[in-house]
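Here the structure comes first, spelled out in structure tokens, and everything after it is commentary.
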Amino acid sequence: MARFPYGASAAVMAGLAVASGAYLAARRAHKPRYDLRLWTFAKPHADAYLKMLPDFLRKHPGKSVDIQIVAGEAVTSRLQAAFWSNLDVPDLAEVEISWAGSFFRGRLESIGFRDLTERIHQTGLWERIVQARFAPYTTRGRIFGIPHDVHPVMLAYRRDLVEKLGIDVERLRTWDEFVEVGRRVTVPGKRFMMELPPEGLSALEVMLFQRGGGYFDAQGNCTLDNEIAIETMRYYAPLVAGKHRIGNDLGGGQIFTRALEDGYYLFMVAPDWRTKSIEQDVPKVAGRMALMPLPAFHPGGRRTSTWGGTMIGITKRCADPDLAWELIMHLYLNKEALAEQFRGTNILPPARDLWDHPAYDEPRPFWSNQPLGRLYANLAPETPPQYTSPYIGLAKAKLSEALIACVRYYDRYGARGFDGFVRQQMARAAAEVRRQMRRNPYLHENA
Amino acid sequence: MKTPDTLADHAAARPDTRRRRPPRRDKLAPYLFVAPFLILFLVFGAYPLIKSVILAFYITSGPRDQVFVGLENFRFLLTDPDFWKAVRNTVVYTVWSLALQIPLGLGLAVLLNSRWVKGREFFRLAFFSPNLVGQVFVGVLFSVLFVPQYGLVNRFLHATVGAPLDTRWLSEPSLIMPALILTSLWMYAGMHMVYFLAGLQTVERELYEAAQLDGANSWGQFWHVTLPGIRHVLIFVVIISTIGSFQLFELPWVMLGRSPGPDAAGLTIVMYLYINGYVSGDLGYASAVGWTLALGLLAVSLLQLRLSGALRG
């Protein structure tokens, strides 16, 4: 050791460096190999898929599938990073509807998912699935995802309290009728006719989609300042502001549970998935809840809307896209398995021909023995489209700003000058979205 | 051992540096020793820094789609109302945080430096402990405390001052910033206290005795002895608090449900950077934001150093 030029310490350090480097270089990471790897962010989805998987594997001997749960936001950021670095990309991934647009920002050929447009038309999927549900996963005329759901919206309500207050839900056919009753029964601070956030967008979006509006049109143009959007804002803000407000929102989770138990809200927006959350989170109100279609904006108008959604896409890294497609067909269109899944999740599958299964007609004791599946299935064909864009996050932020400004204005000045103010705010929101969109050099390329 | 007796002996004993060069391996040795750091720094430090400067002049969609736009990102940044909202929010947060955290931290330090306080060690640990859990944990904790109708904050305020139970701290835009400032006060006052405690223990006791002899009361001693004695710590705490406040991200991101909150009332500069870079996918624009923030922070820190006289030593 004395002959080592820089002394014993340096010799030990060099030895350790060489030994550890050699170990790392020689060690092969043990990674099980699968023919397909699927990422999902929803545990109920993963649970259902794991039950359906053995049947798929029996039909495809020698093949293997790995289903991984990746946390909601992480699935998006990890997937985006994986696409960018071309490393650790799964073969299939489920993406939540509000994040889907963020994958469509660049050139069409740079999008990490495979273009499924031809497959969808060739296999007849376009005709089987509620077509409006392809809209959020479409950019520049090309479809990159298969919808997992329809998520039609109804109103859930505390049947016991509503009956006690003498409200006949059969007579709440339009929003005007609903609001009129709401002004009668609302007791500010104690009881509100409906869960309506004064700052959040969930209920406003539902109304906007119900009227056929949205953030963007089919071509990806911002529509926040069209007449539908302006009219919706003009209608919504007075419901959550001023002396005659009928709605409020305390928050989600345990707060929502307490509020619903206490009868703080009588009615709330309920897409199919939320009915399961209510069943699980508020068991105390079992048998005292019921569902009704949304009131229409005009007599004979649409009685539903949409809230939430999920797509599945095949990534470009997938080595066997045909097998991946078959897996999607198995998981998303297997009648028996999806009926069983519906019993556990209350989520209506997107293909119309699946809804004639008896599972959708079963009465649900929690919902006062209403046939939950049939109620949603009857409304599902009317589900409006919600078009997307890489700028959906920005558009939501700008609509939120406009909503808050309008609520404050109405709180302070009431109806005086309100129409003009709404128009000005919506124009400002749309202009800001368009200003950002103009910077994107890829967005208007042709497919 | 023979010692040199004459100048000639001295000259002979001195090594001849002109003719004998150090061996090649001696020349290489320092470079070899710093090489591991240097390589890691070049790969993970210098390269990303240089790359981010270059990226700041591109509009990007991920790392592959890039279009050179010159100074357009900076021009857009300076005309984007959201950026200015983020700047305003961040400055408001910074000013209020400094104004509340530093006096409170200093007050706690002075209190817990006094010999007559019993259980000083326990209180020091108690006040410092929020720092041990991190911003994400604190964010989750306070988002529960601030819940309307059933949250502890509203229950307490309702019971003590009759405030309405359904105050929406985290969804009413005008209340979001106060909620964030209160949360960070709970989190950081204890950390500042530790710095000040360290500073207070360096102030010589004789100075207090001299001040007492000169007739200085408690306030006089604090103003003329304590504060000048911990001036260097105070400057340090102000600068790191300012930098930390300008980098605020996790706390509002968690408390506001991974968003800037209604009306973007909780949007900070780093959140703005994150949203543009990792949600919208424009890494070029995010780089421009990052460099603007870095330059802004440098300017603010230099200004603070100049105003405090620290640059004069």
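The values are calculated or read from the model by the stated rules, or taken from the named source; none is laboratory data. Because the structure is a prediction, the values reported are computed rather than measured. Cβ coordinates were reconstructed from backbone atoms using ideal geometry, including for glycine residues, and neighbour counts include every protein chain displayed. Note: areas computed on protein heavy atoms with side chains; ligands, DNA, RNA excluded. Shrake-Rupley method; radii C 1.70, N 1.55, O 1.52, S 1.80 Å.
Structure notes:
- Helical mean residue ellipticity (222 nm; -39500 (n - 2.57) per DSSP H run of 4+; nearest 500) of chain B: -21000 deg cm²/dmol
- Between the stretch A:368-433 and the stretch A:105-158, the C-alpha centres lie 22 angstrom from each other.
- The protein assembly as shown: radius of gyration and largest Cα-Cα distance (Dmax), Å: 32.2, 121
- Residue pairs, from the table A:243/A:284; B:27/B:51; A:398/B:51; A:51/A:276; A:316/A:398, whose Cα atoms sit over 27 Å apart: A:243/A:284; B:27/B:51; A:398/B:51; A:316/A:398
- Annotation note: trypsin sites (Lys or Arg not before Pro) in the stretch B:217-313 located in DSSP loop regions with a Cβ neighbour count of at most 13 within 10 Å are B:258.
- Residues with amide H under 5 Å from that of residue A:290, placed H, sequence gap 5 or more: A:157, A:159
- √(5λ) per eigenvalue of the Cα gyration tensor, the stretch B:178-269, largest first, Å: 39, 12, 10
- Debye log10 I(q)/I(0) for chain A, one point scatterer per Cα, at q = 0.08, 0.10, 0.11, 0.12 Å⁻¹: -0.53, -0.77, -0.91, -1.06
- Longest DSSP-loop-exposure-free segment, trypsin sites (Lys or Arg not before Pro), chain A, at most 12 other Cβ within 10 Å: A:244-415
- For chain A, with all protein chains in place and a probe radius of 1.4 Å, 52% of the accessible heavy-atom surface sits on carbon or sulfur.
- Residue (of B:102, B:152, B:119) at the positive-pole extreme of the stretch B:75-312, dipole from beta-carbon charges: B:119
- Directionally averaged shadow of the stretch A:65-185, computed from the convex hull of its alpha-carbon atoms, nm²: 12.0 nm²
- A 1.4 Å probe run over the protein chains yields, for the stretch A:218-264, 39 Å² of accessible area per residue, whole-number rounding.
- Note on chain B: with charges restricted to the Cβ of Lys and Arg (+1) and Asp and Glu (-1), its dipole about the Cα centre is near 1180 debye.
- A straight Cα-to-Cα reach below 20 Å connects residue A:396 with the lysines B:85, residues fewer than 8 places away in its own chain not being considered.
- For chain B, accessible area per residue (1.4 Å probe, heavy atoms of protein chains only), Å²: 58 Å²
- Longest exposed-site-free window of chain A, the sites being chymotrypsin sites (Phe, Trp or Tyr not before Pro) in a DSSP loop that have at most 15 other C-beta atoms within 10 Å: A:35-447
- Residues B:271, B:191, ordered by accessible area of protein heavy atoms at a 1.4 angstrom probe radius and largest first, appear as B:191, B:271.
- Highest-MSF residue in chain A out of A:25, A:46, A:286 [GNM, Cα springs under 10 Å]: A:25
- Distant-in-sequence amide H partners of residue A:265 (H built 1.01 Å from N, under 5 Å): A:192
- When the solvent-accessible area of chain B is split by element, carbon and sulfur atoms take up 68 percent of it, the probe being 1.4 Å.
- Count Lys and Arg as plus one, Asp and Glu as minus one, and take only other residues whose Cβ is under 13 Å from that of residue A:178; the net charge is then 0.
- Ellipticity estimate at 222 nm from DSSP helix runs (n ≥ 4, -39,500 (n - 2.57)) divided over chain A, nearest 500: -13500 deg cm²/dmol
- Remark on residue A:216: its backbone amide H falls under 5 Å from those of A:223, A:387, a criterion applied only to residues 5 or more positions apart or on other chains, H modelled at 1.01 Å from N.
- Ranked by solvent-accessible area (1.4 Å probe, protein heavy atoms only, all chains present), the residues B:232, A:45 order from largest to smallest as B:232, A:45.
- When chain A is treated as a Gaussian network with alpha carbon springs shorter than 10 Å, the biggest mean-square fluctuation among A:220, A:145, A:251 belongs to A:251.
- Relative frequency of Cα-Cα separations exceeding 26 Å in the stretch B:45-192, percent: 52 percent
- Across the stretch A:238-247, computed HN-Hα scalar couplings (Karplus, 6.51 cos²θ - 1.76 cosθ + 1.60, θ = phi - 60°) run x, 6, 10, 9, x, 5, 9, 5, 10, x Hz from first to last residue, x flagging Gly and Pro.
- Pair-distance profile P(r), taking every C-alpha pair of chain B, with 10 angstrom steps and integer %: 5, 18, 22, 21, 15, 10, 6, 3, 1, 0
- Pairs of alpha carbons in the stretch B:46-88 whose separation is greater than 11 Å (percent): 70 percent
- Solvent-accessible area buried by pairing A with B, both sides, nearest 100 square angstrom, 1.4 angstrom probe: 3400 Å²
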